[in-house]
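Participant: Dumping the structure here so I can ask a few things about it.
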Amino acid sequence: MMRSRRRFLIFFAAAGALLVAFIAWPLLRTLLASPPAVLWRTWQEGEVRAAILLTFGASAAATGLALLFGIPLAYVLARADFPGKTLVEAVVDIPVVVPHSAAGIALLMVFGRQAFLGKAFALAGIRFVSAVPGIVIAMLFVSLAFLVNAARDGFRAVDVRLEAVARTLGASPWETFWQVTFPLAWRSVLSGVIMMWARGLSEFGAVVILAYHPMVAPVLIFERFESYGLAYARPVASLVILISLGVFLILRWVGRDAKR
Amino acid sequence: MQSVDGESLRLEGLTVAAGGFRIANLNLEVAAGEYFVLLGPTGAGKTVLLETVAGLHRPLGGRVWLGGEDITAAPPEARRIGFVYQRQALFPHMTVAENVAFGLALRQQPRWKRALPGPGRRARRRASRRPEVAAMLALLRIAHLADRFPAHLSGGERQRVALARALVLRPRLLLLDEPLSALDPQHREALRAELRRLHAELGATVVHVTHDFEEAVALGERVAVLHRGRFEQVGTPEAIFRRPASRFVAEFVGMRNIFAAEAEPGNGRTARLRARGLIAAAVTARRGAVHFAVRPEDIVLARHPLDSSLRNVFQGQVAAVEQRGALAYVTVAVPAPEGEPLPFVAAVTAPSLENLRLRPGETVWLGFKASAVHVF
């Protein structure tokens, strides 16, 4: 019996290994295709560096916005029961399944130069089309579900009775949230932050519709590939993969370390 | 130790609907310093009632009075009512001492600081070293656990921490929601004694919710039986088991043979229970004033003296026979040296009732094992 189970596991592991190789191989190929000297030269190109920094910064800004508005939303979804809750949860998830270029068009309908919100923000000097705020809202739109859902699950895992007891011990709802609920759920929130930020970095479709310029890294890679071909696009791709991997590992490690 | 000085509680026409439970038009008065037990089966709405008193649910109607003050509209944090849940209600990210200091730390800080995680934590650390915390940990005999985290505590230790955390704030009222139900029998017995001692020493007003009648008898000065959101009966434990007000109460209370007794040391692990001079053997470590009970189905009846392997054998007269379905309940009056005879109820099957030809007035022998005697 143990023998047959072992064989069964080996069979499944072999199938799974193919999939892991399918992910790892192309990434490794791209990384190894560019020697360190080439990567260093690429990094020193002003255009490339600007694109990478813009990508990281815009995604961080989108994540910050999502924290500000998404944490309250996540808490409400975790704790309150109200008619239409399923609908709200579905709305949060929709951007994940909509083709991202379509999401970009949808945002343009509201934040475009002729649209109402676009005009309103323009009065305050904020433009979305072909500008950094456009990149930020494009990233926000397509990736906020990762943060909201992770935070919601984190809050849901905190026993309501802990909050109830905190109240009887003299804590207001606000104090209860910051001293009991959030400290117990922050790991889920952090994992949501990491996933959202990483998802925002990689966004191409929605960003390219709202703001081809200034160029984020995915758009730069696309442009170099279209205009000059693979050899010219590859070093940028390698560099972006390398940096993303590095940051991703660091954030995962930070989350892991705090667990102890 | 400072006393707690509990206040009186009065519920006036309280109506609540929450979590699928409905309580309608409930009236109740609990005196200051009283130990009051709310008894009821699972699903009777006991937890919802306690949570409403604590301010965690808003009642649809009626009022809640605490020490003459109408607190119906007050938020939980303004009520100074302590709450202990059945389990899992310690803050897992704080040590035992920090759990106990939670409320004290809140009281000492300016509002804006209390609403942030960082300063809150530092204030808790500071407050956890205060003498009140140490005194409360000592009172609950958990001083040695001060720096442990809840994950490393036993069920009984956790409940002691939860009690300390509530009591250190000197609550006007202490609400206990099945505080002993998640414990194994040994710890349950110990913590029950602890609750009795704390109540006597501190003078707190306690409302204790349970589904266990033994617990109600052991702790409650008065007991209310809650069923489907309303009180079936309110009274002393004695009154409830002697004169159940409804069929539900009688069946819920279940144990028919409950007697007050004095427990004295016996041979080995047994004790001698003296009830009106009649002596029964039981397996228990309890001494002093106790109650004991024997289930009707654990009592054997015979027309002739019973074989001697049973530790408890008495002779008596059949007082009543009540047939219910396949079982008959036979009440046997056993003469006691001091006072009225003790009425034991035994359950027998219909065929053995035939065989024994039991009729009122007949002399019978009844017997039960020492291990069948529940002492509480």
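Participant: Provide the solvent-accessible area of B:His227, counting protein heavy atoms only and rolling a 1.4 Å probe, rounded to the nearest 10 Å².
Facilitator: The value for B:His227 is about 40 Å².
Participant: Next up: Please list, in order along the stretch B:66-74, the HN-Hα scalar couplings obtained from phi with the Karplus expression 6.51 cos²θ - 1.76 cosθ + 1.60 (θ = phi - 60°), rounded to whole Hz, x for Gly and Pro.
Facilitator: Working through the residues one at a time gives 10, x, x, 10, 7, 10, 3, 9, 6 Hz.
Participant: Show B:Met94, A:Met195 ordered by accessible area, largest first, where the area counts protein heavy atoms only and the probe is 1.4 Å.
Facilitator: A:Met195, B:Met94
Participant: How big is the stretch A:46-259 in terms of Cα radius of gyration and Dmax, in angstroms?
Facilitator: When restricted to the Cα atoms of the stretch A:46-259, Rg and Dmax are 19.5, 67 Å.
Participant: Helix-only mean residue ellipticity at 222 nm, chain B, DSSP H runs n ≥ 4 weighted -39,500 (n - 2.57), per residue, nearest 500. What is it?
Facilitator: Helix contribution divided over all residues of chain B: -8000 deg cm²/dmol.
Participant: Follow-up. With springs only between Cα atoms under 10 Å apart, run a GNM on chain A and tell me which of A:Phe12, A:Phe146, A:Phe177 wobbles the most.
Facilitator: Evaluated over chain A, the most mobile residue of the options is A:Phe12.
Participant: Another question, if that's okay. If you count the DSSP beta bridges with both ends in the protein assembly as shown, what percent of them are antiparallel, to the nearest 5?
Facilitator: 80
Participant: Another question, then. Whole-Hz ³J(HN,Hα) for each residue in the stretch B:171-176, computed from phi via Karplus 6.51 cos²θ - 1.76 cosθ + 1.60 with θ = phi - 60°, x for glycine and proline: what do you get?
Facilitator: The phi angles translate into x, 6, 8, 10, 9, 10 Hz.
Participant: Once R0 is set to 25 Å, what does the formula 1/(1 + (r/R0)^6) return for the Cβ-Cβ distance between A:Leu68 and A:His213, expressed as a FRET efficiency to the nearest 0.05?
Facilitator: Result of the calculation: an efficiency of 0.35.
Participant: While we're looking at this one, here's another question. Enter the buried accessible area of the B/A pair, total of both sides, probe 1.4 Å, in Å² rounded to the nearest 100.
Facilitator: Accessible area lost upon association: around 2200 Å².
Participant: Which value in Å does the Kirkwood hydrodynamic radius of the stretch A:127-254 take, with 1/r averaged over all unlike C-alpha pairs and then inverted?
Facilitator: By the Kirkwood definition, the hydrodynamic radius is 17.1 Å.
Participant: Let me ask another. In peptide B:101-113, what is the residue-averaged number of other protein chain Cβ atoms found within 10 Å of each Cβ?
Facilitator: Other-chain Cβ atoms within 10 Å of each residue's Cβ, averaged: 3.
Participant: Normalised by the number of residues in chain B, what is the relative contact order in percent for Cα pairs under 8 Å and 6+ residues apart?
Facilitator: Worked out over chain B, it gives 16 percent.
Participant: Follow-up question, since we're still on this one. Please report the carbon-and-sulfur percent of the accessible area for the stretch B:257-375; probe 1.4 Å, protein heavy atoms only, DNA, RNA and ligands left out.
Facilitator: Here it works out to 51 percent.
Participant: What list of ³J(HN,Hα) couplings, whole Hz, do you get for the stretch B:78-86 from phi and the Karplus terms 6.51, -1.76, 1.60, once you set θ to phi - 60° and write x for glycine and proline?
Facilitator: 9, 8, 6, 10, x, 9, 10, 8, 4
Participant: What spacing in nm lies between the two simple spin-label points modelled at B:Trp65 and A:Phe82, each 7 Å away from Cα in the Cβ direction?
Facilitator: Between B:Trp65 and A:Phe82, the label points sit 3.7 nm apart.
Participant: Sorting A:Tyr232, B:Tyr35 by accessible area (1.4 Å probe), largest first, what list results?
Facilitator: Descending accessible area places them as A:Tyr232, B:Tyr35.
Participant: For A:Tyr212, what accessible surface area do you get with a 1.4 Å probe? Give it in Å², rounded to 10.
Facilitator: It works out to around 80 Å².
Participant: Turning to a different aspect of this structure: Which FRET efficiency, nearest 0.05, do B:Arg121 and B:Arg324 yield, Cβ-Cβ r, R0 41 Å?
Facilitator: 0.10
Participant: From zero up to wherever the largest Cα-Cα distance of the protein assembly as shown sits, split into 10 Å bins and tell me the percent of pairs in each.
Facilitator: 3, 12, 17, 16, 14, 13, 10, 6, 4, 3, 1, 0
Participant: Just reorder A:Tyr228, B:Tyr85, A:Tyr75 by solvent-accessible area, largest first, 1.4 Å probe, all chains present.
Facilitator: Largest accessible area first, the residues go A:Tyr228, A:Tyr75, B:Tyr85.
Participant: Let me ask you something else. Which log10 I(q)/I(0) values, to two decimals, does chain B give at q = 0.15 Å⁻¹ under the Debye formula with one point per Cα?
Facilitator: Those come out to -1.28, one per q.
Participant: Tell me which residues come under 5 Å, amide H to amide H, from B:Val373 once H is placed; ignore anything under 5 positions away on its chain.
Facilitator: Placed amide hydrogens put B:Val283 under 5 Å from B:Val373.
Participant: Here's a follow-up. Peptides B:3-15, B:106-118: what's the order by average Cβ count within 10 Å, highest mean first?
Facilitator: Descending mean neighbour count gives B:3-15, B:106-118.
Participant: Of the trypsin sites (Lys or Arg not before Pro) in the stretch B:314-376, which ones lie in a loop per DSSP and count no more than 14 other C-beta atoms within 10 Å?
Facilitator: B:Arg357
Participant: Now for a different question. What is the stretch A:1-110 by shape, rounded, prolate or oblate, if you read a ≥ b ≥ c off the alpha carbon gyration tensor as root eigenvalues and call it rounded for a/c under 1.5, prolate for a/b larger than b/c, and oblate otherwise?
Facilitator: oblate
Participant: What are the membrane-span-like helices in chain A by this rule: whole DSSP H runs, Cα extent along the axis at least 24 Å, mean Kyte-Doolittle hydropathy at least 0.5?
Facilitator: Flagged H segments are A:2-33, A:46-79, A:132-156, A:182-201, A:230-259.
Participant: In square angstrom, what is the accessible area per residue of chain A with a 1.4 angstrom probe?
Facilitator: 56
The values are calculated or read from the model by the stated rules, or taken from the named source; none is laboratory data. None of these values were measured; they are calculated from a predicted model. Backbone-built Cβ (ideal geometry, glycine too); neighbour counts: all protein chains shown. Heads up: the accessible areas ignore ligands, DNA and RNA and are worked out on the full protein's heavy atoms, side chains in. Shrake-Rupley method; radii C 1.70, N 1.55, O 1.52, S 1.80 Å.
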